[in-house]
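First comes the structure, then the notes that go with it.
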Amino acid sequence: MTIFHWILLAGFVICLLSCLYHFFMALPAGKDIDYATPDAKTRQAVVYSFTKAMSPKKKETAFMHLPTYTAGIFYHLGTFLSLFLVIFIFFNVSFPTWLAYSIIVFLAFTSICGLSILIKRMTSSLLKNLSNPDDYFSNILVTGFQIITAIYLLLNTGLEYYFIITTILFLYLPIGKLRHTIYFFTARLHLGIFYGRRGTWPVKK
């Protein structure tokens, strides 16, 4: 392995340990004493929290901004795919040409989705008032990560730059806005338990 492999590996280990720390610190936060009388099993509510409750029909911020919501979905899919590809690129696993080009086209599209979200944040007076430098930097970093992943798959060169940007992403993930990667799971779990105990989730037809 090259020095860049070791740098990336070190960044990943630091990221993983930091994420696990944040996860287990946040997990007990929703276990305060609850004096509400239990009304239903919480298991179904937790499942609902991670599934149907995420539907645009159930989220006001989603159904009122469907284009941005849709762009966000694809943007996240591109991020997950890029993170998954790190494993294959790290071990120098090659892809069939048709698959590589399919991934490149998809990542090009998801990168455009990310840039459109960034532009909206920069041009919308409401979003600008709610934003801070972390919001902009996180978007630029993740979008850049997707773009350089696509470029590497296309040209099969610049591996050291790819490793450096990926390492920066890993190191920044636990300390910036990208921590919502961790808190998403704990928050949805707490919501499921909270509303499940009260019998309001899953929503009855």
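Please work out if Thr186 is in a helix (DSSP H, G or I), surrounded by 15 or more Cβ atoms within 10 Å (Cβ to Cβ) and in contact with a helix residue (DSSP H, G or I) (Cβ under 6 Å, 6 or more places away or on another chain). First the steps, then the outcome.
Numbers: in a helix (DSSP H, G or I): yes; surrounded by 15 or more Cβ atoms within 10 Å (Cβ to Cβ): yes; in contact with a helix residue (DSSP H, G or I) (Cβ under 6 Å, 6 or more places away or on another chain): yes.
Yes; evaluated as a whole, the condition is true for this residue.
From Leu154, Leu171, Leu141, which residue is more than 20 Å from the chain's Cα centre (by Cα), surrounded by fewer than 20 Cβ atoms within 10 Å (Cβ to Cβ) and at pLDDT 90 or above? Steps first, please.
Working: Leu171 fails: more than 20 Å from the chain's Cα centre (by Cα); Leu141 fails: more than 20 Å from the chain's Cα centre (by Cα).
When all the criteria are applied, what remains is Leu154.
Being within 28 Å of Val13 (Cα to Cα) and in contact with a Pro (Cβ under 9 Å, 6 or more places away or on another chain) narrows it down to one of Ile182, Ile140, so name that one.
Working: Ile140 fails: in contact with a Pro (Cβ under 9 Å, 6 or more places away or on another chain).
Unique residue meeting the criteria: Ile182.
Sort out which residues of the range 62-96 are assigned to a helix (DSSP H, G or I), modelled with pLDDT under 90 and surrounded by 11 or more Cβ atoms within 10 Å (Cβ to Cβ), and write them in order of number. Before the answer, list the steps.
Looking only at the range 62-96, we keep the residues that are assigned to a helix (DSSP H, G or I), and these are 62-63, 66-90.
Next, only the ones that are modelled with pLDDT under 90 stay: 62-63, 66-69.
Within the range 62-96, Ala62, Phe63, Thr68, Tyr69 qualify.
How many residues, within the range 72-119, are on the phi > 0 side of the Ramachandran plot and in contact with a helix residue (DSSP H, G or I) (Cβ under 7 Å, 6 or more places away or on another chain)?
In the first step, residues of the range 72-119 are kept if they are on the phi > 0 side of the Ramachandran plot; the result is 92.
Of the ones still in play, those that are also in contact with a helix residue (DSSP H, G or I) (Cβ under 7 Å, 6 or more places away or on another chain) are none.
Total meeting the criteria: 0.
Consider only pairs whose beta carbons are under 7 Å apart and that are at least six residues apart or on different chains; among these, list those whose first residue lies in the range 176-199 and is more than 17 Å from Leu17 (Cα to Cα) and whose second residue is among the basic types (Lys, Arg).
Once the first residue is more than 17 Å from Leu17 (Cα to Cα) and sits in the range 176-199, its partners that are among the basic types (Lys, Arg) give Gly196/Lys41.
Search the range 124-138 for residues being hydroxyl-bearing (Ser, Thr, Tyr) and surrounded by 14 or more Cβ atoms within 10 Å (Cβ to Cβ), and hand back the single one that is farthest from Gly72 (Cα to Cα). If you could, list the steps in order and put the result at the bottom.
To start, the set of residues in the range 124-138 that are hydroxyl-bearing (Ser, Thr, Tyr) comprises 124-125, 131, 136, 138.
Cutting the leftovers down to surrounded by 14 or more Cβ atoms within 10 Å (Cβ to Cβ) gives us 131, 136, 138.
Details: Ser131: 17, Tyr136: 15, Ser138: 14 Å.
So the residue we want is Ser131.
The values are calculated or read from the model by the stated rules, or taken from the named source; none is laboratory data. Everything numeric here is computed off the predicted structure, so don't read it as measured data. Reconstructed Cβ throughout: ideal geometry from the backbone, glycine too, with neighbour counts over all protein chains shown.
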